[in-house]
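Asker: Attaching a single structure in structure tokens format; questions to follow.
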Amino acid sequence: MKLMVVDTSLGLCTVGVFEVDSAGASCLGLRSEPMTKGHSERIAGFARDAASAAGVSFAQLDRIGVTVGPGSFTGLRVGLAFAQGLAAALDRPLVGLSGLDALAASAGEALEVAALIDARRGQVYARFWRGGVADGPAEALTLEAAAGRIATLAGGAVLVGSGAPLFADVASGRTVIALEGPDPAALARL
């Protein structure tokens, strides 16, 4: 299956084309740049470039995936509108993907993960995994509440996302991966 993923929810503007099968997702074409503004002007060109690098036309895509948040309100609107328009024009299924789930999937094979997005104003958007299974829904937490939850994670846990560096003081024995957006291959696998 050929899949296009679109992510404009955080600090990156990303469009990738992947071949997805039971063995995983292999990248055929990718365009990704750090970007907090200007998504609307660049997203269509990124999609064109990713499809061109993949050697496929838009008509050859089987499915489109897009991050649905949490994240930047304007970035989310741009990505969702573009993906919805493309899916409607191609008559292809559109799949919404949680940015927190994608960040956790970007952490590799860790069994305990805290996906954390800096929400500013003393808060993070967070979701926790134990044993590779989500430990409850996504939540908006104060930094203090999130630190308390992180402290209960095992020593080999991974903190991932733009909010991960905020917890360096309680991350002892845990890996901190500061990502401005999910790994495009993780989006494709989801």
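Asker: What about THR175, is it farther than 17 Å from ALA107 by Cβ and either open to solvent by less than 30 Å² (accessible area, probe 1.4 Å) or not aromatic (Phe, Trp, Tyr) (or both)?
Answerer: Taking the combined requirement at face value, the residue does not satisfy it.
Asker: Further, regarding this structure: For ALA147, are the conditions met, namely being farther than 16 Å from LEU10 by Cβ and in contact with a strand residue (DSSP E or B) (Cβ under 8 Å, 6 or more places away or on another chain)?
Answerer: no
Asker: Name the single residue, out of those in segment 113-137 being surrounded by fewer than 21 Cβ atoms within 10 Å (Cβ to Cβ) and of a type outside the set (Gly, Ala, Ser), that is farthest from ALA157 (Cα to Cα).
Answerer: ARG121
Asker: Go through segment 128-178 and give me each residue that's without any contact (Cβ under 8 Å) to a residue 24 or more places away in the chain, part of a loop (DSSP other than H, G, I, E, B) and hydrophobic (A, V, I, L, M, F, W, C).
Answerer: ALA171, ALA178
Asker: What's the number of the condition LEU76 fails, among (1) of a type outside the set (D, E, K, R); (2) at pLDDT 95 or above; (3) within 13 Å of GLY181 (Cα to Cα); (4) outside any helix (DSSP H, G or I)?
Answerer: (4)
Asker: Inside segment 81-112, can you point out the residues that are part of a helix (DSSP H, G or I) and open to solvent by 50 Å² or more (accessible area, probe 1.4 Å)?
Answerer: Selection gives ALA81, GLN84, ALA88, ALA89.
Asker: Ok, one more. Looking at the structure I just gave you, is ALA186 out of contact with any strand residue (DSSP E or B) (no Cβ under 8 Å at 6 or more places or on another chain), part of a helix (DSSP H, G or I) and surrounded by 15 or more Cβ atoms within 10 Å (Cβ to Cβ)?
Answerer: yes
Asker: If a residue must be in contact (Cβ under 8 Å) with a residue 40 or more places away in the chain, part of a strand (DSSP E or B) and either aromatic (Phe, Trp, Tyr) or open to solvent by 10 Å² or more (accessible area, probe 1.4 Å) (or both), how many such residues does segment 4-19 contain?
Answerer: 2
Asker: Identify all residues within segment 138-161 that are within 15 Å of the chain's Cα centre (by Cα) and surrounded by fewer than 22 Cβ atoms within 10 Å (Cβ to Cβ); write none if there are none.
Answerer: ALA138
Asker: Can you tell me which residues in segment 25-37 are among the hydrophobic types (A, V, I, L, M, F, W, C), in a strand (DSSP E or B) and buried (at least 18 other Cβ atoms within 10 Å of the Cβ)?
Answerer: ALA25, LEU28, LEU30
Asker: Can you tell which of SER40, SER22, SER57 is touching a helix residue (DSSP H, G or I) at 6+ places or on another chain (Cβ under 8 Å) and open to solvent by 70 Å² or more (accessible area, probe 1.4 Å)?
Answerer: Of SER40, SER22, SER57, the one residue that is touching a helix residue (DSSP H, G or I) at 6+ places or on another chain (Cβ under 8 Å) and open to solvent by 70 Å² or more (accessible area, probe 1.4 Å) is SER40.
The values are calculated or read from the model by the stated rules, or taken from the named source; none is laboratory data. Keep in mind it's a predicted model, so treat the numbers as computed, not measured. All Cβ positions, even for glycine, are placed from backbone atoms using ideal geometry, and neighbour counts span all protein chains on display. In case anyone asks, the SASA skips ligands and DNA or RNA and just uses the protein heavy atoms, side chains included. Shrake-Rupley method; radii C 1.70, N 1.55, O 1.52, S 1.80 Å.
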